[in-house]
Amino acid sequence: MRLARLAAPSAALLLLLSGAPALAQPGPGGPPAVGVVTVERRPVTESTEFVGRVEAPERVELRARVTGFLQERLFREGQEVKAGEVLFRLERAPFEAEVARAQATVASAEAELQNANIALARARELVRTSAGTQVRVDDATAAQRSAQASLLGAQAQLRVAQINLGYTEIAAPIDGKIGRSTFSVGSVVGPSSDPLATIVSQDPMRIAFPVNLRTGTELRDRYASRGGADATRVRIRLVTGAIYGQVGRIDFIDPQVDRNTDTVLVRAVMPNPARGASPGPEGGVDRELIDGMFVNVFVEGAEPVPTVVIPRSAVLQDQQGNYVFALDAENKAARRPVTLGRSIADQVVIERGLEGGERVVVEGVQRVRPGQPVQPGPANAPLRSPGRG
């Protein structure tokens, strides 16, 4: 009776083992079953990722060029402004008075010059009639020239006064978005004061990103035969994780290497159009790219390139590097060293080691040994060992 009770669990265990999947229990009478795929070349857009920062191409600090009281601020902080638009006005009265004073000085100098011209003409006439002397002519000539010089000096002072009067209106030198105002109306500002405000251009923006020397050399060699930087395009991923809808292009590569980081600065130009409705009456415009923000930068080939791509699960690694198992005509596995490129989801680009047409093991690679035959089957299909129903 005791032997019967021990035999029942043993029989149940044997039944469970006999029903185990083929992957876990390969049959002893033949080669292991594996899943394979045929290597093919297909168009792939090459891409390399970097970390970059958005930069405004133009940045201007608005400063007062004359000293005076800030009388008006004619903009709303954060709005977009146009080149030539007046943003600040200083008190004009003192500068208008200086212009009037300079104009009076010019009028006085003109009168003195006119009188000197008359005196010179009279002295020359007297010399011709022998009623005057050459000394008097020389004195009149010197006085006339002095009066002429005084007039030129007065006209220059008038021009300076007019320029200073023009500086009481501070206009935007570029199109862009203006930041906060540093000073309130009524403050005294001048050339030595802090900037009144800062304007940064908005469209397009620049994307600056460092590229380590090794990666930069690889990119240069990869696209050299296809037009260099013109054969690439630039995309960015925003801090929200979304891919920005515009495409940029590389416009500058620094000719010097940063000795501290061993990197080269690369810069791209990226459109930054307004989103949504047109600007409102207050000039507010919503744009996605902001000066100074961090982004992920993708340098892509402008045209897809036929490339060998295989499932990532086919790639193994040991001390000698990455490799795959490829099958020959007799279904024997051979080790093939490969050089990997970038990953695309669960796929990986093979830069060297496979040319296309090979059959590589994707499933069941843990049971494959170099030189031994296997039983290949389509990948992703249930694998069965020989001798199993």
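All of the numbers you see were taken from the coordinates with simple rules; none came from a lab. In this text the structure is predicted, and so the values were computed from the model without any measurement. Because the Cβ atoms are built from the backbone with ideal geometry, glycine has one as well, and the counts that use them run over all protein chains shown.
Taking 20 Å as the cut-off, the amide N atoms of region 186-207 that come nearer than this to a point 7 Å along the Cα-to-beta-carbon line of ARG275 belong to 200-207. One chain, two ends: GLN366 and ARG159. Fully extended at 0.36 nm per residue, the span grows by 65.6 nm beyond their Cα-Cα distance.
Ranked by the mean number of other Cβ atoms within 10 Å per residue, highest first, peptides 293-303, 128-138 order as 293-303, 128-138.
Screening the chain for DSSP H helices whose Cα atoms reach 24 Å or more along their own axis and whose mean Kyte hydropathy is at least -0.5 gives 2-18, 93-128, 134-166. Working from label points 7 Å from Cα in the Cα-to-Cβ sense, the GLU218 to ARG180 distance is 4.4 nm. Assuming a ≥ b ≥ c are the square roots of the Cα gyration tensor eigenvalues, decide whether region 127-239 counts as rounded (a/c under 1.5), prolate (otherwise, with a/b larger than b/c) or oblate. Note, shape of region 127-239 comes out oblate.
Here the contact order of the chain, divided by its residue count and restricted to Cα pairs under 8 Å and six or more residues apart, works out to 29 percent.
Across region 194-227, the residues whose backbone nitrogen lies under 15 Å from the label position 7 Å along the beta-carbon direction of GLU61 are 194-200. The label point for ARG136 and the one for ALA208, both projected 7 Å from the Cα toward the Cβ, are 7.5 nm apart. Under 16 Å from a label point set 7 Å out along the Cα-to-Cβ vector of ALA100, no amide N atom of region 184-207 is found. Between the residues VAL127, VAL234, ALA149, the greatest Cα displacement towards the positive end of the dipole of the chain, with unit charges on the Cβ of Lys, Arg, Asp and Glu, is found for VAL234. Tell me, what is the FRET efficiency for ALA242 and ALA171 to the nearest 0.05, using R0 = 45 angstrom and their Cβ-Cβ distance as r? That gives a FRET efficiency of 0.75. For GLY341, the residues whose modelled amide H falls within less than 5 Å of its own, excluding neighbours fewer than 5 places apart on the same chain, are VAL349, ILE350, GLU351.
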